[in-house]
1. Compute the convex hull volume of the Cα atoms of segment 142-194, divide it by the residue count, and report the result per residue in Å³ as a whole number.
2. Along each principal axis of its Cα atoms, how long is segment 82-124 end to end? Whole angstroms, biggest number first, please.
3. Can you flag which of 170/205; 133/170; 156/205; 108/214 are past 21 Å Cα-Cα?
4. For residue 101, list long-range residues whose amide hydrogen, built 1.01 Å from N in the peptide plane, is under 5 Å from its own amide hydrogen.
5. Taking a virtual spin label 7 Å from the Cα of residue 90 along the C-beta vector, which residues in segment 161-181 bring their backbone nitrogen under 16 Å of it?
6. Binning every alpha carbon pair distance of segment 164-214 at 10 Å from zero, what are the percents per bin?
7. Over the Cα atoms of segment 101-180, what radius of gyration and what Dmax do you get, in Å?
8. Mind giving me the nanometre distance, one decimal, between the label points for residue 209 and residue 83, set 7 Å out from Cα along Cα→Cβ?
Amino acid sequence: MKTLLVALVLVVAACGETESDGGPASGGTSSGGASSGGASSGGASSGGTSGSGGTSGSGASAGSGGTAGSDGSAGSGGIDAGTCQEGGVLDGGAEAIIAASCAVAVIKVARIDEECSGAGGAHVTFDVIAVGKGPALTRVSYGGHAYYAPAEGPDKVGEYFVAGIDPFGKLEPQPDNPGWCITGLPSVDGRVHALVEAASESAAKAKMAAILAK
């Protein structure tokens, strides 16, 4: 009888140990799952949000900066319609007309293209040597259909002048007219309306300074 009781106690003890082992093991598994769940809900998503926020903020700032810069560049064109006279329509001599022009520059005859039309005419293209007033200029035109140069020119390549100019703000093509033998003229960014001749580049620069100082 005593032997039977001891056997029963051993069996019950073994079953309890197995159940307790299973409890902590399953508990460990579930807590491990909770732990991995916590990791997945961790800072990755919040990190993404802060990152996108930073990006959008810097993008807006850069955009507004670019706009301001382009506005500033546009504003630096420098032609004030209230302080210059387009087309040279002004009472007075050539120097007064030039001084009141929207652009004043020293120019040099680069080429002369003669028409083969019935009326003829010289199309004169100048290189801009120095600008004394107005925006930057590269190349300007003068003359055209039925234009005949006076004694003081421009009628020779290499001549220097101080000129009053209407600037275009960009290089624009000069139109071709094959019927009049006018093709391939270079683009220009201004049109001359008044001229004063000078003997040399240095003389032209000195004359321009004197005209603008009046």
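1. 103
2. 40, 22, 18
3. In this structure, 170/205; 108/214 lie more than 21 Å apart at Cα.
4. Sorted by chain and number, the residues that satisfy this are 85.
5. Once the point is set 7 Å along Cα→Cβ of residue 90, 162-167 turn out to lie under 16 Å by backbone N, inside segment 161-181.
6. 21, 32, 32, 13, 1
7. According to the Cα coordinates of segment 101-180, Rg and Dmax are 13.0, 38 Å.
8. 2.1
Only the coordinates and a few stated rules stand behind these numbers; no lab work does. Keep in mind that what you see is a predicted model, and the values were worked out from it rather than measured. Cβ sites come from the backbone with ideal geometry, for glycine too, and all protein chains shown count toward neighbours.
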